[in-house]
Amino acid sequence: MKQEKIFLKDYKSPDFTVDNVNLDFILNEDFCRVISQSQVRKTTPGAPLLLNGEGPKLISIKVDGKALDSSQYELTSEELMVKDVPDQFTLEIETELQPQNNTALEGLYKSNGIFCTQCEAQSFRTITYFWDRPDVMTSYSVTIEADKTKYPVLLSNGDRLKVEDLGNGRHKAYWKDPHKKPCYLFALVAGDLGVIRDTFTTRSGRKVNLEVYAAHGKQDRCHHAMESLKKSMKWDEEAFGLEYDLNDYMIVAIDDFNAGAMENKGLNIFNSRLVLADTASATDTDFFSIESVVAHEYFHNWTGNRVTLRDWFQLSLKEGLTVFRDQEFSGDMTDRGTQRIDDVDGLRAAQFAEDAGTNAHPVRPDSCMSVDNFFTSTIYEKGAEVIRMMQTIVGRKGFRKGMDEYFRRHDGQAVTTEDFAAAISEPNGKDFTQFRRWYSQAGTPTVKVQEAYDASKKEYTLTLEQSCAPTPGQPTKEPFHIPLMVALLDKQGKELPLNAKGVHTNSDGKYIIELREAREVYTFTGMNEKPVLSILREFSAPVTLQWAAAADDLYFLVEKDPDSFNRREMAQKLASDIYSDLIAKARKKEALTVEPRFLKALNALLLDTKASPAFKAKMLQLPSLHVLAQKEAVLDANAFYAARNAFRTAIAKECRQALLDTYRQYHGVETKNHDSKVGAHRRLKNMALGYLAETKDPEILKLASEQYWKAENLTDRMAAMAILAELDSPERTKALDHFYQEWKNDSVVLNKWFTVQATSLRPHTLDEVKALTKHPAFNITNPNNVYSLLRAFGSNLIRFNDPQTDAFKFYADCIIEIDAKNPQVASRLCAAFNFVQKLEPAMKDRALSEIKRIVAVETLSKNSRELLQSAL
Ligand code: PHE
Ligand code: ZN
């Protein structure tokens, strides 16, 4: 078994350039043939030809038309080597594959009778022997030959040249991509698919044909994806001056897909759950996710495809930047303030946990076992924060200038995160040398805030100290360059003009402190009264604040901070402290009472007619259990559960009337409108119902039940079902049975039925999940099924870590079973064990012994092995 690590420091530039490649695919039911013909030039004198290849059966290899016999090359399980090759030659390789038996869903595989590919990161090598590295970019010509009736649609990247009828019931399509690309962006689709079409005219007048493909009969659910695509194309022109560069843009929805979606040049392949949507079959959240993922993949056309990666350690170059771009897009499509809150919530729940755990790694890692494991929230979401900090430092205008420079310098190239940082900093006259530590050092820094006010001198001083705990392989850290957006507020909540050394205004007119040393002191003069500090506004850096602010200041900020992010942040801080107190009391079996001041503030906000429903919904949301688990020293599932129930019930009681009024105000309004504003109204009223239901008041449960049966959209139906799913009553069974009957033939929707049961907090959840794995509708080879049932259960902190049951054993069995078929899907389940170190000794032993059992499996993939081994 291969277990070696690969290192960034071992990077060497390629020894060959490939001028172009021709790929011929001959698709059959029992096997497929792939013939690749490349024009190759040697750039390193004397270098042997080394090609990556894992699995494809080698039929023949020819150099300049002459077949090599097996004495002229060496073939291992990972490489094909030819010692002597001319300086310039034509390389022809023929391989044979069996896509119908490919359960890993990487390379060429079949999903519901459709041939499709997934090559990122390193799966092109399962199709043919090639330079499977992103810095080898070349032009692709592709032909696809297949049965005409079974596979009427034949797609690849770039321009559609022609389709030939071969006369024998088969046909052959010719494609040519005019843009050079690395092989991870290659794609092919062949199948019988429905399609919707539209066009988009770019601002320079190019008419682009847009196509969204899905299974026949599902076309009607593709319109939202199409609208999202058009919005994305327009936005990228307006925000970054970036236009689309081909005549066609295609999106194909596939039911069996390991990830969310893939940005293959001109031919995006999507998990069908991120394409298909209508009122009956998708929630508001689905509508939102589709818009943002369609945008994300579209934005990759420039950030990822036109400018690509030098090597996989640079993954955040495209992912961090593209997540940043899709977040900005979503902010513009919805509401910047609440978008920021959502993005930070996501970052905290997943990335901060990753940074604090045994798999912590830098945004630009310097070693790994499996490149597949790079697709993490650190690379994606923290990577996006790093880009956002650059924007905060140079301001939005300066950032745009830097982006223009990035494309001017690097269009058509394979580059590094350092190249990106240089393109942003240099035109803005900034030095990012220290800033680049955000790429090389893992861990979430802590910023300690201390305040002092001297009334006689009218002086306010702010002392900031930064530190960062060790992470695996990095025992000590150098100070980070941290942009902190700040304001000092007067008694009315107005922002005071700031005048202090070390505080500057960026091009957006925001006050920024650039903390660079381990400790810095800032003195603000002319302060007639003690101001109230608002710091880390808009969450200007991915850090943890350690700030013993006075409760009065926090409540003041909750009410008055003009920065809506911080209003909500301070409410979270208060809620988080209350939560910790409740957990501590629950562990000591003391009575669980909630600070009334907090409850009153929440009630006042609900009654406030000036606050937007979207913002109220954000304020009503308590810190997630995953975020609390990071903060608590011990993960005691029973105490968490008790604290959660006590907190939510206290809110339900204190705010009962306001919650009911909110529910009535927005329930049943514009039920078929999926606009983000209407969606926010719905979110708020469904949250209100969720709180009210905590009291188990029969009248409220009747409301929930009525909402389920009369729902006019899936958002309302699911919200009600989630409430009913927590009950032990016939209402629960009735609703679940009904939902199943309604959607049993539609796996995208039925997955929600799995999730609602897997995330239920009832004590029997584990047994139910076990039973559901045997349900006829559950297919362990379908990634979405696994994610919606098993990964969802793994994220159910309370039931996964319940000492009364044995979820760990069950979960380990699942990981082992799935890993044998599909390592990528299995490795995504491993995160459920992330909190092992926080469990109480007996539980921890149980978890560790299960992890050991998994790792002991000889044939375990390196994906799962890498993630689990670190916990031991
Ligand atoms: N590159 C894809 C994205 O983020 C994610 C992905 C990675 C999809 C690997 C499939 C395989 O847009
Ligand atoms: Zn991406």
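Since every read-out is calculated from the coordinates, none of them should be taken as a lab result. Since we're looking at a predicted model, the values are computed, not measured. Please note: Cβ atoms are built from the backbone with ideal geometry, for glycine as well, and neighbour counts cover all protein chains shown.
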In nanometres, the difference between 0.36 nm per residue of separation and the alpha-carbon distance of Ala633 and Val855 is 77.3 nm
For a quick protection proxy, order the peptides 80-87, 109-116, 308-315 by their average other-Cβ count within 10 Å, most packed first.
308-315, 109-116, 80-87
Alpha carbon convex hull of the chain, volume per residue in cubic angstrom
165 Å³
Residue by residue through region 165-172, what is 3J(HN,Hα) from phi via Karplus (6.51 cos²θ - 1.76 cosθ + 1.60, θ = phi - 60°)? Round to whole Hz and write x for glycine and proline.
8, 8, x, 9, x, 10, 9, 9
Quick one: of the DSSP bridges fully inside the chain, what percent are antiparallel, nearest 5?
80 percent
Please work out the Cα center distance from region 818-845 to region 488-506, rounded to the nearest Å.
47 Å
Hits in region 183-222: amide N under 13 Å from the 7 Å Cα→Cβ extension of Val163, namely 189-195
What shape does region 746-856 have by the C-alpha gyration tensor, where a ≥ b ≥ c are the square roots of the eigenvalues, rounded means a/c under 1.5, and otherwise prolate means a/b greater than b/c and oblate the rest?
oblate
Rounded to the nearest 20 debye, dipole of the chain from Cβ charges on Lys, Arg, Asp, Glu:
1440 debye
Proximal charge balance of Ala384 [Cβ under 9 Å; K/R count +1, D/E count -1]:
-2
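Give, in nm to one decimal, the length gained when the segment between Thr149 and Ser870 is fully stretched (0.36 nm per residue of separation minus the Cα-Cα distance). Walk me through the numbers on the way to the answer.
On the way: separation 721, 0.36 × 721 = 259.56 nm, distance 5.01 nm.
Stretched fully, the Thr149-Ser870 segment lengthens by 254.5 nm.
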Using Cα-only point scatterers and the Debye equation, what is log10 of I(q)/I(0) for region 506-652 at each q in 0.09, 0.22 Å⁻¹, rounded to two decimals?
-0.35, -1.48
Using only Cα atoms and rounding to the nearest 10 degrees, what angle (0 to 90) does helix 284-299 make with the longest principal axis of the chain?
50 degrees
Scoring only Lys, Arg, Asp and Glu (+1, +1, -1, -1) among other residues with Cβ under 9 Å from the Cβ of Leu606 yields -1
Along region 87-103, what does the Karplus equation 6.51 cos²θ - 1.76 cosθ + 1.60 (θ = phi - 60°) give for ³J(HN,Hα), rounded to whole Hz, x for Gly and Pro?
6, 9, 7, 9, 10, 10, 10, 10, 10, 10, 10, 10, x, 5, 9, 7, 8
A correct Karplus calculation of ³J(HN,Hα) over region 434-443, with 6.51 cos²θ - 1.76 cosθ + 1.60, θ = phi - 60°, whole Hz and x for Gly and Pro, returns 5, 4, 4, 4, 4, 7, 9, 9, 7, x
In whole Å, what is the distance between the alpha-carbon centres of region 29-95 and region 121-176?
19 Å
Which angle from 0 to 90°, rounded to the nearest 10, does the C-alpha axis of helix 551-560 make with the longest principal axis of the chain?
70 degrees
Just order 538-545, 629-636, 294-301 by mean Cβ neighbour count inside 10 Å, highest at the front, would you?
294-301, 538-545, 629-636
Among the lysines, which have Cα under 18 Å from the Cα of Lys172 when same-chain residues fewer than 8 positions away are ignored?
Lys148, Lys150, Lys162
Calculated FRET value between Asn645 and Glu4, using beta carbons and R₀ = 41 Å, to 0.05
0.25
List the residues, sorted by chain then number, that are 5 or more residues from His300 or on another chain and whose placed amide H is less than 5 Å from its amide H.
none
Amide H within-cut-off set for Ser540, under 5 Å, with H built and near neighbours excluded
Met485
How much length is gained if the chain between Gln39 and Thr103 is pulled fully straight, taking 0.36 nm per residue apart and subtracting their Cα-Cα distance, in nm to one decimal?
19.8 nm
Work through the residues other than Thr662 whose Cβ is under 12 Å from its Cβ and net out their charges, Lys, Arg +1 and Asp, Glu -1.
+4
State which entries of Lys618/Lys653; Lys610/Lys710; Lys457/Lys501; Lys696/Lys744; Lys477/Lys631; Lys207/Lys677 exceed 25 angstrom in Cα-Cα distance in the structure shown.
Lys610/Lys710; Lys696/Lys744; Lys207/Lys677
Return the whole-Å distance between the Cα centroid of region 756-813 and the Cα centroid of region 618-633.
22 Å
With Cα atoms, 0 to 90° folded angle of helix 564-587 axis to the chain main axis
80 degrees
Tally the DSSP beta bridges in region 446-559 and give the antiparallel ones as a percent, rounded to 5.
90 percent
Name the residue from Gln657, Gln630, Val669 whose Cα lies farthest towards the positive end of the charge dipole of region 621-702, charges +1 on Cβ of Lys and Arg and -1 on Cβ of Asp and Glu.
Val669
Around Gly443, which amide H atoms from residues at least 5 apart in sequence, or from another chain, sit under 5 Å from its own amide H, with H modelled in the peptide plane?
His361
Which of the three applies to region 446-559, rounded, prolate or oblate, going by the alpha-carbon gyration tensor with a ≥ b ≥ c and a/c under 1.5 meaning rounded?
prolate
